[in-house]
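The structure appears below as structure tokens.
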Amino acid sequence: STTDSRCVFEAWWPDGTLEVSTGADVRIRGRSSEGFPKHQYGMEFVNDAGEPTSAELFGMGSEGDWVLNGMWIDRAMFRNKLAFDVFRELGGGNDWAPESVYVELTIDGDYVGLYLLNETVDRDRSRLDIAEDDGTGQSFIVAASEDGIYSNVQYGRWEIDYPTEVTGAVQRGVEARLAAWEAEITGRGDPFTEMDLDSFVRFVLVEEFVKNNDGYYLSHRVYAHPDGYLHMVPWDLDLSLGQPSYNDNENPYSWIAYRPAIVADSANDAFHQRFSEMWAEAREGTLATDAVIGRQEALRAHMGEAIDRNWSRWNIEDVDFSGYLYRVSSPEEEYARVATWTEARLDWMDAAVESY
């Protein structure tokens, strides 16, 4: 329930057990998604005095910042979750991606549908467990954004997400570390003296597997890992798995159209070898066709009747993205289409991976 941007947030298990009740500051979030009929929200938990606080939600660890993703343009309602879970599983504990759970949301008593409640990309023991920065910008998280530190290797700039207090010393420290990495990329040196090879290959592999239209463009994160290397975090992959209908994205038989220097000039011999190896390993497990289709079916089964309740609140035929989404008239049609595209994509990547 809301009063302006301050609300009382309560989370309940399906059996009626209360998980948490807390104050929260809420805002409508997103870049293009701000204009969607079904909003997505960012939340920061606060105590009675309005000070930041934290709470554990459904086993995802105790934190104060959360996202309620309305999944408006993701009519399958699993694109982000699928990519996050696959990336994390492929990392085997060496890489992190947000955890998430499905929830049904009401606001002031009004049912607004099925949402993905997911972690934000924050420094925290239960999230990105990196060192506290000492004021020099050596421990950091940056996001590919339209504001921030200039980048020579991608469309976006680097916006500092952590540390939250960006002093001159922090700014200089982060800039210096990113500049050293980018210099290796643009100078055709070895980017993997700065960036963890497996983390970067894993990031590219997942982006290409789902064929993320926004891949390498905006929203991905880079952070300074305790192992001394930079690591990647994927974010915002809802324009994927066969949508939208530009940049050849409906076609499962081609790579992501946008390939900036961050990818193209990092694809040295070590990258190519590890990319092929990791793909072969993944196809024996996490990305085996039966495993991927089974994961999609399991997510659909887990959502269950909430899918019908969501599409009773919203009309699936009204979902659009500036005219660039294929039309479906039912969830069943969407799930069948995504499965068909996925199977074709996996088969094509088997044949094409060596020539990436």
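Within the stretch 184-195, being free of Cβ contacts under 8 Å to residues at least 60 places away in the same chain and either aromatic (Phe, Trp, Tyr) or not in a helix (DSSP H, G or I) (or both) holds for 187, 189, 194.
Got at least one residue in the stretch 280-291 being more than 17 Å from residue 79 (Cα to Cα), touching a Leu at 6+ places or on another chain (Cβ under 7 Å) and surrounded by 13 or more Cβ atoms within 10 Å (Cβ to Cβ)? Yes. When residue 251 is tested against the conditions (1) touching a Gly at 6+ places or on another chain (Cβ under 9 Å); (2) closer than 15 Å to residue 205 by Cα, the lone failure is (2). Within the stretch 89-138, the set of residues being in contact with a strand residue (DSSP E or B) (Cβ under 9 Å, 6 or more places away or on another chain), of a type in the set (Asp, Glu) and in a strand (DSSP E or B) comprises 104, 119. Every test in (1) over 21 Å from the mean Cα position of the chain (by Cα); (2) charged (D, E, K, R); (3) at pLDDT 95 or above is passed by residue 202 save one, and that test is (1). No other residue among 341, 311 is in a helix (DSSP H, G or I), more than 23 Å from residue 206 (Cα to Cα) and not charged (D, E, K, R) apart from 311.
Here is a yes/no grid of residues against (1) within 22 Å of residue 128 (Cβ to Cβ); (2) open to solvent by 50 Å² or more (accessible area, probe 1.4 Å):
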| residue | (1), (2) |
| --- | --- |
| 14 | no, yes |
| 26 | no, no |
| 44 | yes, yes |
| 47 | no, yes |
| 64 | yes, no |
| 74 | no, no |
| 77 | no, no |
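Hey, could you check the stretch 318-338 for residues that are among the acidic types (Asp, Glu) and assigned to a helix (DSSP H, G or I) and say which is nearest to residue 287 (Cα to Cα)?
Top of the filtered list is 334.
Exactly one residue out of 210, 233, 206, 170 is of a type in the set (A, V, I, L, M), buried (at least 18 other Cβ atoms within 10 Å of the Cβ), closer than 30 Å to residue 319 by Cβ and touching a Pro at 6+ places or on another chain (Cβ under 7 Å): that is 206.
For the stretch 323-346, taking the residues that are in contact (Cβ under 8 Å) with a residue 40 or more places away in the chain and more than 23 Å from residue 307 (Cβ to Cβ), the one that is surrounded by the fewest Cβ atoms within 10 Å (Cβ to Cβ) is identified as 344. The number of residues in the stretch 124-146 that are under 14 Å from residue 60 (Cα atoms) and either touching a Leu at 6+ places or on another chain (Cβ under 9 Å) or crowded, with 17+ Cβ neighbours inside 10 Å (or both) comes to 3. So for the stretch 133-141 (the condition being out of contact with any helix residue (DSSP H, G or I) (no Cβ under 6 Å at 6 or more places or on another chain) and closer than 29 Å to residue 102 by Cα), does at least one residue qualify? Yes, because at least one residue in the stretch 133-141 is out of contact with any helix residue (DSSP H, G or I) (no Cβ under 6 Å at 6 or more places or on another chain) and closer than 29 Å to residue 102 by Cα. Of the residues making up the stretch 99-123, just one is on the phi > 0 side of the Ramachandran plot and either open to solvent by less than 40 Å² (accessible area, probe 1.4 Å) or touching a Leu at 6+ places or on another chain (Cβ under 7 Å) (or both), namely 113.
Screening residue 18 against (1) surrounded by fewer than 17 Cβ atoms within 10 Å (Cβ to Cβ); (2) modelled with pLDDT under 95 leaves a single unmet condition, (2).
The values are calculated or read from the model by the stated rules, or taken from the named source; none is laboratory data. Values in this document were obtained by computation on a predicted structure and should not be read as measured data. No Cβ is skipped: glycine too gets one built from the backbone with ideal geometry, and neighbour counts run over all protein chains shown. Heads up: the accessible areas ignore ligands, DNA and RNA and are worked out on the full protein's heavy atoms, side chains in. Shrake-Rupley method; radii C 1.70, N 1.55, O 1.52, S 1.80 Å.
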